[in-house]
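Right, one structure below, let's go through it.
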Amino acid sequence: MRARKYWLLVMVISLALTAAWSFAAGQEAPRIDKETLKNWLNNPEVLILDVRQPKDWQGSGREIQGAVRQDPNAVTTWAGGLPKDKKIVLY
């Protein structure tokens, strides 16, 4: 009987975690058009992050004015330090 309760508990927790992960993965970030971004370029309330893959960033020769480069492969090291009081634009 105890093994059955344990099994049921494990299944309920697994299903709950799977559902939460599926919901979060299905969320998309809002997108903005280039005119909106142009209007935000000099706004101190907006932080623009360039998160292109290193090979794409190095070979591009282009960047958005005022953008801060962040390595997308190291997001866990820098994401926690992002300001909570700003709009954050990732490209």
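The values are calculated or read from the model by the stated rules, or taken from the named source; none is laboratory data. Bear in mind the structure is a predicted one, so any value in this text is a computation, not a measurement. Ideal geometry is used to build each Cβ from the backbone, glycine not excepted, and the neighbour counts take in all protein chains shown.
Restricting the first member to the stretch 30-53 and to residues that are closer than 18 Å to GLN70 by Cα, and the second to residues that are assigned to a helix (DSSP H, G or I) and not hydroxyl-bearing (Ser, Thr, Tyr), the beta-carbon pairs closer than 7 Å and six or more apart or on different chains are VAL46/TRP40; ASP50/TRP57; VAL51/PRO72; GLN53/PRO72.
Taken over the stretch 1-55, the criterion of being of a type in the set (Phe, Trp, Tyr), modelled with pLDDT of 55 or more and under 22 Å from the mean Cα position of the chain (by Cα) is satisfied by TRP40 alone.
Of the residues that sit in the stretch 56-91 and are aliphatic (A, V, I, L, M) and assigned to a helix (DSSP H, G or I), which one is farthest from the chain's Cα centre (by Cα)?
Here is the first cut: in the stretch 56-91, the ones aliphatic (A, V, I, L, M) are 64, 67-68, 74-75, 79, 82, 88-90.
Now drop any that are not assigned to a helix (DSSP H, G or I), which leaves 74-75, 79.
On the way: ALA74: 12, VAL75: 8, ALA79: 8 Å.
Among those that are aliphatic (A, V, I, L, M) and assigned to a helix (DSSP H, G or I), it is ALA74.
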